[in-house]
């Protein structure tokens with residue numbers, strides 16, 4: 001069985017959660033053919049950051065969407081292969 005790799009990047013921002021901000025990210029991601037894969041909320045006694053993981057079937061699309069979110073001044077890690 002031959003499974004195509006998928007690609008992901010993560011966006012981190014400091015709490016509190018900001019639904020309006022996250023909608024902007026999601027609009028960029030959806031326009032590039034991606035999807036929200038996981039949302040990690042801030043921990044009370046740990047990380048004070050929100051982490052959003054977006055998944056794509058295409059590396060170029062993930063790279064483009066990540067760059068667009070970076071241009072908004074956001075912290076983006078990736079893209080990298082997501083198995």
Exercise. Give me the pairs, please: first residue somewhere in the range 52-77 and within 12 Å of residue 30 (Cα to Cα), second residue anywhere and part of a helix (DSSP H, G or I), beta-carbon distance under 6 Å, and either six or more positions apart or on two chains.
Key: 54/29; 56/62; 65/28; 65/29
Self-check item: In the range 38-59, residue farthest from the chain's Cα centre (by Cα) [restricted to those that are closer than 21 Å to residue 81 by Cβ and surrounded by 15 or more Cβ atoms within 10 Å (Cβ to Cβ)]
Solution: 58
Quiz item: From the residues in the range 60-83 that are assigned to a helix (DSSP H, G or I) and touching a helix residue (DSSP H, G or I) at 6+ places or on another chain (Cβ under 7 Å), which one is surrounded by the fewest Cβ atoms within 10 Å (Cβ to Cβ)?
Solution: 68
Quiz item: Hey, which of the strands (runs of 3 or more DSSP E) in the range 1-59, taking only ones fully inside, have at least 3 residues that are modelled with pLDDT of 90 or more and within 13 Å of residue 78 (Cβ to Cβ)?
Solution: 6-14, 49-56
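The values are calculated or read from the model by the stated rules, or taken from the named source; none is laboratory data. Owing to the predicted nature of the structure, the values given are computational and were not obtained by experimental measurement. Here Cβ is always computed from backbone atoms with ideal geometry, including for glycine, and neighbour counts include all displayed protein chains.
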